[in-house]
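All of the numbers you see were taken from the coordinates with simple rules; none came from a lab. Computed from a predicted model, the values in this text were never measured in an experiment. Quick reminder, even Gly has a Cβ in these numbers, built from the backbone with ideal geometry, and neighbours come from all protein chains shown.
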Amino acid sequence: MRVLGIDPGYERLGIAVLEKDKTDRREQVIFSECFKTSAELDFNERLFLIGEEIKRVIKKYQPGVLAIETLFLTTNQKTVMHVAEARGVVIYEAACANLKIFEASPPQIKIATTGYGKANKEQVMKMVKILVKIDEEKKSDDELDAIAIALTAFAHLKC
């Protein structure tokens with residue numbers, strides 16, 4: 001089974017596709033990127049581009065599950081609303097492609113990757129690099145977060 005992991009955002013969207021290796025039953029990254037939209041574009045255009053990229057990735061890699069992080073509250077309401085709208089676009093595209101939707105909170109992701117629900121970002125990133133083979137030079141924090149979210153889905157869904 002393939003899982004599409006998404007670290008939601010509208011300026012930077014972490015995207016990763018993982019699947020279980022049939023021989024050793026370990027997850028492997030088959031695609032990841034940090035998809036960026038320009039601040040010079042209208043917000044609606046940025047949402048459109050996010051939707052088109054998600055649609056492209058789904059079509060190319062054929063995942064069965066979307067794993068996406070839930071929102072956390074912050075003092076910047078405008079940012080939260082924009083990220084929520086970007087999440088909506090991603091979930092919509094996944095639903096159109098009949099993907100199962102799995103949502104995970106930041107503490108769930110931390111527990112699944114490090115075993116500790118209050119782990120810091122550096123601890124999560126370190127464990128992601130231990131759990132799956134990745135090109136050290138290529139991966140942004142957003143990509144690593146997307147990989148962590150996909151790993152969480154594998155753990156919870158017992159894939």
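Putting +1 on Lys and Arg Cβ atoms and -1 on Asp and Glu Cβ atoms, find which of Thr152, Val90, Thr79 reaches farthest to the positive end of the dipole of the chain.
Of the listed residues, the answer is Thr152.
Greater than 24 Å separation of Cα atoms is the criterion. Which listed pairs, Lys36/Lys59; Lys55/Lys129; Lys100/Lys158; Lys60/Lys121; Lys22/Lys110, meet it?
Lys55/Lys129; Lys60/Lys121; Lys22/Lys110
Using only helices, what value at 222 nm comes out for the chain when you add -39,500 (n - 2.57) per DSSP H run of length 4 or more and divide by the total residues, to the nearest 500 deg cm²/dmol?
Value at 222 nm, helices only: -15500 deg cm²/dmol.
Select from region 95-159 those chymotrypsin sites (Phe, Trp or Tyr not before Pro) which occupy a DSSP coil region and have at most 13 other Cβ atoms within 10 Å, ordered by residue number.
Tyr116
How large is the dipole of region 18-63 about the Cα centre if only Lys and Arg carry +1 and Asp and Glu carry -1, each at its Cβ, rounded to the nearest 20 debye?
So the dipole magnitude of region 18-63 works out to roughly 320 debye.
What number do you get for region 2-157 when its Cα radius of gyration is normalised by 2.2 N^0.38 Å, N = residues? Could you put the intermediate results ahead of the total?
On the way: Rg = 14.7 Å, N = 156, 2.2 N^0.38 = 15.0 Å.
In units of the globular-protein estimate, region 2-157 measures up at 0.98.
Please turn the phi angles of region 57-68 into ³J(HN,Hα) values with the Karplus equation 6.51 cos²θ - 1.76 cosθ + 1.60 (θ = phi - 60°), one per residue in order, whole Hz, x for glycine and proline.
5, 4, 5, 6, 9, 6, x, x, 9, 9, 10, 9
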